[in-house]
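Here's the structure, in structure tokens; my notes come after.
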Amino acid sequence: MNIEDQPLEVQWEHLLGQLEEWVGKRPADLNGVLFLIGVQELGQGAKRFSKEQKQDLMHIGICKVLSLSSYYSLEYTDKDGWPHYKLERALPPGDLLKQEALLKMHVIEYFKNL
């Protein structure tokens, strides 16, 4: 059976295991994975980031993965190389668990396309 045929949480745990192999540490949660995506998309390598920069990197991660379904689009990259996204359409309504599931599905898709 293919991993893509498994329930979302099984796919998510599989991805966390892959990330542990790739970066040497298992991300603690969805925010940790979104941070890694933000760092990847920033393209400046691993370095120390301020608390505000870490929040910005998680936002970049969210925007990038949701751009796969055209919720966001890259608007521009600033002079420091930071990408800025524009909301293209409203996210589907839902509680926190539904929003988390939507993000996890998109994160899994993001890593399939790397």
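Give the residue that is surrounded by the most Cβ atoms within 10 Å (Cβ to Cβ), with candidates limited to residues of the range 76-111 that are touching a helix residue (DSSP H, G or I) at 6+ places or on another chain (Cβ under 8 Å) and of a type in the set (G, A, S).
Going through the qualifying residues, I end up with A101.
Scan (1) modelled with pLDDT of 95 or more; (2) within 15 Å of the chain's Cα centre (by Cα) for the single condition A28 breaks and write down its number.
So A28 meets the others, but not (1).
Would you check if L36 is under 19 Å from L15 (Cα atoms) and either touching a Lys or Arg at 6+ places or on another chain (Cβ under 9 Å) or in contact (Cβ under 8 Å) with a residue 24 or more places away in the chain (or both)?
Against the criterion (under 19 Å from L15 (Cα atoms) and either touching a Lys or Arg at 6+ places or on another chain (Cβ under 9 Å) or in contact (Cβ under 8 Å) with a residue 24 or more places away in the chain (or both)), L36 qualifies.
Select the helices (runs of 4 or more DSSP H) contained entirely in the range 12-114, then report the ones holding at least 1 residues which are in contact with a Phe, Trp or Tyr (Cβ under 6 Å, 6 or more places away or on another chain).
51-67, 96-112
Quick grid of which residues meet (1) of a type outside the set (K, R); (2) on the phi > 0 side of the Ramachandran plot; (3) open to solvent by less than 80 Å² (accessible area, probe 1.4 Å):
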| site | (1), (2), (3) |
| --- | --- |
| L15 | yes, no, yes |
| W22 | yes, no, no |
| I37 | yes, no, yes |
| L42 | yes, no, yes |
| R48 | no, no, no |
| K51 | no, no, no |
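The values are calculated or read from the model by the stated rules, or taken from the named source; none is laboratory data. All values derive from a computational prediction rather than experimental measurement. With ideal geometry, Cβ positions are generated from the backbone for all residues, glycine too; neighbour counts draw on all protein chains shown. Heavy atoms of the whole protein, side chains included, go into the accessibility calculation; ligands, DNA and RNA do not. Shrake-Rupley method; radii C 1.70, N 1.55, O 1.52, S 1.80 Å.
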